[in-house]
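Report on the following structure.
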Amino acid sequence: MKISINKAHFPVTVLGPGRRIGIWVQGCSIGCKGCVSQDTWGVDPGRDMSVVQLLSWCRETCGGKLDGVTITGGEPFDQPQALAALLAGLAQWRRSVKLDFDILCYSGYTLAALQKKHAPLLAQLDALIPEPFVQTRPLTHVWRGSSNQPLLPLSELGRQRYATQVDALAQVSDKRMQTMVDGNRVWYVGIPARGDMAALEASCAERGLAFSQVSWRP
Ligand code: SF4
């Protein structure tokens with residue numbers, strides 16, 4: 001089974017509790033206005049990899065010391081068969097080595113649509129952040145981009161890990177972004193507040209660092 005991947009990283013500390021594996025799938029058919037991850041929208045067969053290979057990378061990269069896996073994108077539910085294979089592989093890994101990492105998944109589809117079309121996949125998750133990003137709604141809560149997006153614990157582990165965060169407000173002082181450098185590309189991971197990316201771009205430009213291409217504009 002192949003899965004189309006934009007990137008994967010460990011440790012991610014801004015998309016869920018603790019030190020996590022972050023997996024960004026490639027391809028999103030939703031197209032929320034103001035999405036900061038527009039580089040993940042296009043379907044790109046050149047980004048396909050096998051789920052087995054991705055699971056091997058997960059096992060090797062974290063050395064068994066992780067708190068969770070966050071699956072985001074892109075739109076994970078646009079690849080339902082690949083997502084099913086990934087979730088089955090993660091569950092098998094978790095069981096076989098008795099790890100207790102949780103699995104959090106983002107989706108731009110509504111909860112009602114996911115429950116109708118993908119109930120078996122939801123049953124494999126510990127927590128879900130559904131609903132499209134709405135630029136006109138403020139960033140109010142931790143790990144969510146706009147105030148319409150709920151955090152839903154879906155399992156016992158999910159309730160243990162996430163119950164206290166469901167209504168937790170995002171503080172100005174919260175760490176919301178991480179930076180990764182890969183050659184001459186820089187990745188910003190996390191949930192920026194409104195205007196953060198434009199402010200970053202302006203601040204870098206003042207120091208003579210111009211971005212040739214950014215993911216938060218077409
Ligand atoms: S916010 Fe998520 S669902 Fe919306 S367009 Fe961006 S990647 Fe797709």
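Bear in mind these aren't lab numbers, they're just calculated from the coordinates by the rules spelled out. A quick note: this is a predicted structure, and the numbers were derived from the prediction, not measured. Cβ placement follows ideal geometry from the backbone for every residue including glycine, while neighbour counts extend to all protein chains displayed.
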message: Report for the chain the percent antiparallel among DSSP-assigned beta bridges with both residues inside it, nearest 5.
response: 60 percent
Interchain or long-range residues, amide H under 5 Å from Lys7's placed H: Trp24
task: In nm, give the distance between the simple-model label positions of Leu111 and Asn184, each being 7 Å from the Cα along the Cα-to-Cβ direction.
output: 4.6 nm
task: Would you mind calculating the gained length between Gln92 and Val134 on full extension (0.36 nm times residue separation, minus the Cα-Cα distance), in nm to one decimal?
output: 11.6 nm
- request: Report, by chain and number, residues whose modeled amide H sits under 5 Å from the one on Cys105, excluding near sequence neighbours (fewer than 5 apart, same chain).
  value: Ile71, Ala127, Leu128, Ile129
- line: The ³J(HN,Hα) series, computed from each phi in segment 19-31 with the Karplus coefficients 6.51, -1.76 and 1.60 at θ = phi - 60°, rounded to the nearest Hz and given as x for glycine or proline, is 9, 10, 7, x, 10, 9, 7, 9, x, 8, 9, 8, x
- request: Enter the mean projected area of the convex hull around the alpha-carbon atoms of the chain, in nm², rounded to one decimal.
  value: 12.1 nm²
Reachable lysines, given that their alpha-carbon falls under 28 Å from the alpha-carbon of Lys98 and they are not under 8 places away in the same chain: Lys2, Lys7, Lys65
message: What is the sum of charges, Lys and Arg at +1 and Asp and Glu at -1, for the other residues whose Cβ falls under 10 Å from the Cβ of Ser155?
response: -1
field: Candidate aspartates and glutamates - alpha carbon under 19 Å from Lys175, same-chain residues fewer than 8 apart omitted
entry: Asp67, Asp167, Asp196, Glu201
field: Charge context of Asp174, other residues only, Cβ under 13 angstrom, K/R +1, D/E -1
entry: +2
Rh by Kirkwood over Cα pairs, then Stokes-Einstein D for segment 47-176 at 1.567 mPa s and 4 °C, µm²/s: 83 µm²/s
- line: Phi angles of segment 169-177, converted by Karplus (6.51 cos²θ - 1.76 cosθ + 1.60, θ = phi - 60°) into ³J(HN,Hα) in whole Hz with x for Gly and Pro, give 7, 6, 8, 4, 7, 4, 7, 10, 10
